[in-house]
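Comments concern the structure below.
Derivation of every value follows stated rules applied to the coordinates shown; laboratory data play no part. Worth saying up front: this structure is predicted, and the values here are computed from it rather than measured. Cβ placement follows ideal geometry from the backbone for every residue including glycine, while neighbour counts extend to all protein chains displayed.
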Amino acid sequence: MEHNFDAEQIKEQEYQEELKQSQKKDFKFSWVSSSRFLFYLVYACLFLFTWGGCYRLYTKRFEKPAVHVQESTLYTPKYK
């Protein structure tokens, strides 16, 4: 009877060790790996949004319209 109890105890101990190892690798149980992942994710998103905004401003920059100015109001005015 004790032999069966020892086997169950060993199985339970192995299960607990395996559970601890899997929890170390799991995202929601490992604070260090999850915080590192979130830091790099935020940094990458910030970089991409900044770069995308700058690229958008560069490609859609303001184009000066051709404005007709009266000749009498120029720096060197021309009179009739």
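Can you tell me the dipole magnitude for the chain around its Cα centre, using point charges on the Cβ only (Lys, Arg +1; Asp, Glu -1), in Debye to the nearest 20? Walk me through the numbers on the way to the answer.
Values: 12 positive and 10 negative charges, 315 e Å.
Using Cβ point charges on Lys, Arg, Asp and Glu, the chain gives about 1520 debye.
Provide the FRET efficiency to the nearest 0.05 for the LEU74-PHE39 pair, computing r from the beta carbons and using R0 = 35 Å.
Efficiency, rounded to the nearest 0.05: 0.05.
Going by a ≥ b ≥ c, the root eigenvalues of the Cα gyration tensor, does the chain fall in the rounded group (a/c under 1.5), the prolate group (a/b larger than b/c) or the oblate group?
Prolate.
Give me the angle, in degrees from 0 to 90, between the Cα long axis of helix 2-25 and the longest principal axis of the Cα atoms of the chain, rounded to the nearest 10.
Taking the Cα atoms of the chain, the angle to 2-25 is about 10 degrees.
Quickly estimate the mean residue ellipticity at 222 nm for the chain, helices only: each DSSP H run with n ≥ 4 gives -39500 (n - 2.57), and the total goes over all residues, rounded to 500.
So the calculated ellipticity at 222 nm is -23500 deg cm²/dmol.
Would you mind getting me the FRET efficiency between TRP51 and TRP31? Use the beta-carbon distance for r and R0 = 35 Å, nearest 0.05. All intermediate terms of the calculation are to be shown ahead of the outcome.
Working: r = 30 Å, r/R0 = 0.86.
The value I calculate is 0.70.
Using the Karplus curve 6.51 cos²θ - 1.76 cosθ + 1.60 with θ = phi - 60°, work out ³J(HN,Hα) for each residue of segment 39-47 in order, rounded to whole Hz, and write x for Gly and Pro.
Coupling constants for segment 39-47: 4, 5, 5, 5, 4, 5, 5, 4, 4 Hz.
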